[in-house]
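Inspection log for the structure reproduced underneath, given as structure tokens.
The values are calculated or read from the model by the stated rules, or taken from the named source; none is laboratory data. Because the structure is a prediction, the values reported are computed rather than measured. Virtual Cβ from ideal backbone geometry, glycine too; neighbours counted across all protein chains shown.
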Amino acid sequence: MLAKPFDSAASAAASIDFSQYPDEHGRFGEYGGLYVAETLMEPLAELREAYLRLRQDPEFIAELDRDLTHYVGRPSPIYHAERLSKKIGGAQILFKREDLNHTGAHKINNTVGQALVAKRMGKRRIIAETGAGQHGVASATVATRLGLECVVYMGAVDIERQKINVYRMKLLGAEVVPVTSGSKTLKDALNEAMRDWVTNVADTFYIIGTVAGPHPYPMMVRDFNAIVGREARAQMLAQYGRLPDVITACVGGGSNAIGLFHAFLNDRDVAIVGAEAAGDGIETGRHAASLAAGRPGVLHGNRTYVICDDDGQITETHSISAGLDYPGVGPEHAWLKDTGRASYVGITDDEALAAFHELARSEGILAALESSHAVAQGIKLARDLPKDELVLVNLSGRGDKDVHTIAAREGIAL
Amino acid sequence: MNRIDRRFAELKAAGRTGLIPFITAGDPSPEHVVALMHALVEAGADVIELGVPFSDPMADGPVIQHASERALAKGVGLARILGWVGEFRRRDANTPVVLMGYLNPIEIHGYAEFADEAVAAGVDGVLLVDCPLEESATIKPLADAGLHRIFLAAPTTHDARLAALIREASGFLYYVSFAGVTGANRLDLAPVRARVAAIKTLAPALPVAVGFGVRDAASAAAIAGFADAVVIGSALVEQLANSAGASAVTDAARAFLAPIRKALDAGSAKNAA
Ligand SMILES: Cc1ncc(COP(=O)(O)O)c(C=O)c1O
């Protein structure tokens, strides 16, 4: 008998229509909101109004659809990993192949959308923060295609561990600015991008790369990524005649996860599990599992779960994957956790690496280290489920960018 | 009566422009914070803004970022800062103290607990950079306890928002002189003067302090012509950063503020004449 991971709290979620959030203040329950300096309040209001108008504008929708089809390469397939499933010996493991998108991850879904908003708002300059570099690459890609200047902020530590993506951004004409403050990772890059935005807000559009930040970002980034779940839901019905039993995705800021989850939130029979980075193990304190091990707080413009000390200082996180190495998480996930609609668990560096190799050898797919956390979680879930159940895993990105990290970790000189 | 209100009433009666220095609590040295606060008052401070260091100071430029990092490295946190304010109050019952910072340290401390402890320590107001008017319900316990919530207005603030900010303002309104982070050098006086005049027309009785980009006697004096107070932060923090030892820190503060105080008084006198 299968225990749905959210059984215990399912009653709390039973009466909520999850498609109706956030409210007009950008809140998901007590999470989300607009916790930014006064200077950004009007620019954020303008962005919100522009976006709410555009998302109903048939011309905008048609242009976005065209780009997603012909430039990004959507729809991405759902692939049945038969060999892997057989080896695990439990439920069938299916992958939503976001790794096959142009630029190699789900990140492009969002940047294509936001770049079109930027263009319609008449902005001439794009800024972005990046951790793994995937969002930076995706931002540089759409900026150069629209003839916009692009500046990407990236923590000095991440620049070191994601060299290939740094070079890709430069090839695409973007300026990559190293951030040396704080922990020199994604959170600090986000701080620095906000500082740039507050300074150049008149002509600059800030493309946030995940479902964090102040309203309307968590909503807008989710909407642009929600195509993943909408497609997957339709593909499941078309290919399998039914919805999956469990869906899972890795959670850094949470954009690929909410992208997959959103279309399924009101399908109460579909269990939802997010995989956070447990780093060396949650018990060691060296992790980035905000939901599994953090507490409610305020960071980067919204109320959400954060990893901080008793003085409210955000503490350093750890993950082998730069894209999950973030001490906050999108506010919608905080709310899904509290309502019991989704559960969030930690996957360690070692588990993610093992899953990376497992997938490479059994299916011929090199997954991103971020996505490898979801693969590990998918394998865990499948192991305990009967063979006729379906586990859908979001394969958020491809692993080319990570081969150096993996080689170094395993003592191999390239 | 809140000390902030009393102080602005006194300034108005005397025809003087207020001087509001900002220091990052615990920088350059946790041992000398209280002595530094007294030195600021001796050098002519009318209100003290005490920065609560935060790990992710999104609205601050490099000078205050680094000061915060240094203070955090020395273990400075809310509890110690409230302790310093309490110690300061034993010798100074009149100078208002405003804590400036970000929400998360207070959120984690607990709003109601913080409010009680802050009032008991002798704090008069809070300026929480990442808590705009729309989210101010979050900090209602602070207002309920008698702390003034100081709101910011900025060049990007449209008139309708400005009216709402004025309605909700307590203590004074902090006008941010340019769109940017603290410590940047982008001060352009003409638009600031026009905007402060507009605020004054809407709310003649509400004190307006101007901050961001005020670096020296000349820029302070220019602002004294139209604002009720000037805030000086990064330039002072930078000045203090390299001082070691109690007397070096307090001397540096006095040396930095004295000419500014003088210029403000000359400017106010000229405007009054
Ligand atoms: C492939 C991939 N997956 C996941 C993430 C994590 O971001 P999010 O949680 O917003 O999907 C990243 C971030 O860089 C990524 O590159």
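Any chance segment A:125-144 includes a residue that's acidic (Asp, Glu), under 30 Å from residue B:129 (Cβ atoms), surrounded by 21 or more Cβ atoms within 10 Å (Cβ to Cβ) and within 14 Å of another protein chain (Cβ to nearest Cβ)? It would help to see each step written out before you state the result.
Initial filter on segment A:125-144 (acidic (Asp, Glu)): A:129.
Then keep just the ones that are under 30 Å from residue B:129 (Cβ atoms); that gives A:129.
Imposing the further condition that a residue be surrounded by 21 or more Cβ atoms within 10 Å (Cβ to Cβ) reduces the set to A:129.
Imposing the further condition that a residue be within 14 Å of another protein chain (Cβ to nearest Cβ) reduces the set to A:129.
Yes, the conditions are met somewhere in segment A:125-144.
Among all positions in segment B:30-50, there is no residue which is touching a Leu at 6+ places or on another chain (Cβ under 6 Å) and farther than 18 Å from residue B:231 by Cβ. Of all residues in segment A:313-345, those satisfying the criterion of being more than 14 Å from the ligand (Cβ to nearest atom) and either touching a residue at least 40 places away in the same chain (Cβ under 8 Å) or more than 14 Å from chain B (Cβ to nearest Cβ) (or both) are A:314, A:316, A:318, A:335, A:337, A:338, A:339, A:340, A:341, A:343, A:345. For segment A:201-217, a tally of residues being within 14 Å of chain B (Cβ to nearest Cβ) and within 20 Å of residue A:147 (Cα to Cα) returns 6.
Assess whether residue A:255 counts as being within 14 Å of chain B (Cβ to nearest Cβ) and closer than 23 Å to residue A:379 by Cα.
Values: within 14 Å of chain B (Cβ to nearest Cβ): no; closer than 23 Å to residue A:379 by Cα: yes.
Criteria not met by residue A:255.
So, of the residues in segment B:170-189 that are more than 12 Å from chain A (Cβ to nearest Cβ) and within 18 Å of the chain's Cα centre (by Cα), which turns out to be nearest to residue A:201 (Cα to Cα)?
Residues of segment B:170-189 more than 12 Å from chain A (Cβ to nearest Cβ): B:170-172, B:187-189.
Next, from what is left, pick out any that are within 18 Å of the chain's Cα centre (by Cα): B:170-172, B:187.
Values: B:170: 28, B:171: 29, B:172: 26, B:187: 16 Å.
In this case the residue turns out to be B:187.
I'd like the full set of residues that are facing another protein chain (nearest Cβ under 7 Å), within 19 Å of residue B:127 (Cα to Cα) and not in a loop (DSSP other than H, G, I, E, B), limited to segment A:26-42.
A:38, A:39, A:41 - these are the residues of segment A:26-42 that are facing another protein chain (nearest Cβ under 7 Å), within 19 Å of residue B:127 (Cα to Cα) and not in a loop (DSSP other than H, G, I, E, B).
Residues in segment A:97-132 that are modelled with pLDDT of 95 or more, within 20 Å of residue A:372 (Cα to Cα), touching a strand residue (DSSP E or B) at 6+ places or on another chain (Cβ under 8 Å) and outside any helix (DSSP H, G or I): A:97, A:105, A:106, A:130.
Among the residues making up segment A:175-191, those that are more than 8 Å from chain B (Cβ to nearest Cβ) and either surrounded by fewer than 24 Cβ atoms within 10 Å (Cβ to Cβ) or over 23 Å from the mean Cα position of the chain (by Cα) (or both) are A:175, A:176, A:177, A:178, A:180, A:183, A:184.
On the basis of being surrounded by fewer than 17 Cβ atoms within 10 Å (Cβ to Cβ), within 11 Å of another protein chain (Cβ to nearest Cβ) and closer than 20 Å to residue A:37 by Cβ, does residue B:137 make the cut? Judged against the criteria, residue B:137 is a match. May I ask you to list the residues in segment A:74-107 that are within 12 Å of the ligand (Cβ to nearest atom) and of a type in the set (Ser, Thr, Tyr)? Residue satisfying the conditions is A:103 alone. Does residue B:78 satisfy being farther than 28 Å from residue A:183 by Cα and within 12 Å of another protein chain (Cβ to nearest Cβ)? Here the answer is no, as residue B:78 does not meet what is asked.
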